[in-house]
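Structure first, commentary second.
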Amino acid sequence: MAVAHVEEAETNERDDNFKPVFKYYKMKKPKPSLKDVLDFDNECNIEEWEKIHLCGSDNISYLGFQSSNWVAWKNQSIPGLIFINNPFTSIGQSEWITRCIQDFPEKPNKTNLDAHYAVPSMIYKTELFRKLRWATLGYHHDWDTKVYIKESYTPIPKIMDDLTKVIISAIEYKSSYQAEAAIVNYYHLDSTLAAHIDHSEYDKKAPLISISFGQPAIFLLGGTTKKIKPIGIFLRSGDILITQDDCRQAYHAVPKVFYNKETSIRYQELGAYSKEYLEDSRINMNIRQVCEPGKGFPD
Ligand code: OGA
Ligand code: MN
């Protein structure tokens with residue numbers, strides 16, 4: 001089952017070096033070898049990466065961050081990519097997970113279920129919740145047209161705006177930045193996200209902040225065409241991946257979500273429902289600036 005957006009294959013099958021890697025990691029039997037996957041937690045395959053330290057701001061524990069000194073990684077040959085090793089506390093993660101489960105799929109935000117069902121409030125308490133694939137906030141991403149519409153907007157929650165400000169300041173982004181759209185993706189163990197580039201935003205270089213919760217996944221990052229063979233990166237609960245500048249225009253995908261027993265143990269603070277949901281689920285919350293700074297929404 002594919003989560004949401006599927007990009008049309010405009011690359012010749014023969015020239016497509018992305019798809020074989022996607023298929024390889026998606027494979028169930030035989031299980032793919034994970035030896036080449038970049039693993040920042042265990043410092044595997046990251047010889048070319050530079051470890052950096054980022055500073056959060058003061059008084060950010062209400063956002064779930066563990067301290068203001070975060071370990072992050074960058075690579076000179078991939079300009080614009082920053083990987084931040086989970087900077088959240090266990091309780092902080094649980095709070096964000098609860099928001100993703102209980103708050104963000106609620107009206108007036110939009111979800112994939114709206115087109116098919118009369119969605120009740122507190123949807124997380126209903127059976128429909130298993131069918132939830134995405135929720136959108138701010139300017140609602142239109143999966144068909146891939147065009148944001150000025151009128152299709154619901155406010156970004158203050159807590160998400162605050163989180164964005166702290167991350168943007170930690171990476172020392174020089175221009176002004178506004179969280180204007182967010183997509184929350186809900187994956188189960190058999191879900192994948194096909195190769196795509198996020199090009200609906202008017203500012204195509206501004207950072208896209210992508211935060212993972214729940215079960216771990218392999219994230220593939222390629223280049224501006226599918227000819228470029230992607231690298232695989234482990235994304236675990238709490239990890240933040242930031243793409244800006246050139247790598248914001250790179251193909252990327254999620255071919256695999258894993259089950260990891262330890263993931264569940266870490267969420268003792270979670271309510272029973274969320275805990276059970278996360279046993280076989282991954283949540284990805286990504287935040288984008290839609291408009292070019294100072295220009296507002298184009299007419
Ligand atoms: C997206 C996306 C990646 C992820 O929503 O555009 O690329 O890690 N998500 O789920
Ligand atoms: Mn994307």
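The values are calculated or read from the model by the stated rules, or taken from the named source; none is laboratory data. All figures in this text were calculated on a predicted structure; none of them were measured in a lab. Don't worry about glycine lacking a Cβ; one is built from the backbone with ideal geometry, like all the others, and counts go over all protein chains shown.
Can you tell me which residue in the range 122-142 is surrounded by the fewest Cβ atoms within 10 Å (Cβ to Cβ), limited to those that are of a type in the set (A, V, I, L, M, F, W, C) and in a loop (DSSP other than H, G, I, E, B)?
Taking the candidates together, the pick is M122.
Quick grid of which residues meet (1) modelled with pLDDT of 95 or more; (2) surrounded by fewer than 17 Cβ atoms within 10 Å (Cβ to Cβ); (3) assigned to a helix (DSSP H, G or I):
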{"site": "P79", "(1), (2), (3)": "no, yes, no"}
{"site": "I91", "(1), (2), (3)": "no, yes, yes"}
{"site": "W96", "(1), (2), (3)": "yes, no, yes"}
{"site": "I101", "(1), (2), (3)": "yes, no, yes"}
{"site": "P120", "(1), (2), (3)": "no, yes, no"}
{"site": "D144", "(1), (2), (3)": "no, yes, no"}
{"site": "V147", "(1), (2), (3)": "no, yes, no"}
{"site": "E151", "(1), (2), (3)": "no, yes, no"}
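With the checklist (1) more than 13 Å from the chain's Cα centre (by Cα); (2) more than 11 Å from ligand 1 (Cβ to nearest atom) in hand, flag the one item W143 doesn't pass.
Looking at each condition in turn, W143 falls short on (2).
Out of I218, I240, I197, I228, I need the residue that is surrounded by fewer than 19 Cβ atoms within 10 Å (Cβ to Cβ), away from ligand 2 (no atom under 14 Å from the Cβ) and aliphatic (A, V, I, L, M). Which one?
I228
I'm checking my understanding of the structure. Among residues of the range 1-35 that are in a loop (DSSP other than H, G, I, E, B) and within 16 Å of ligand 2 (Cβ to nearest atom), which one is modelled with the highest pLDDT?
Checked the range 1-35; the qualifying residue modelled with the highest pLDDT is F18.
Would a scan of the range 219-233 turn up a residue that is part of a strand (DSSP E or B), more than 11 Å from ligand 1 (Cβ to nearest atom) and closer than 22 Å to P87 by Cα?
yes
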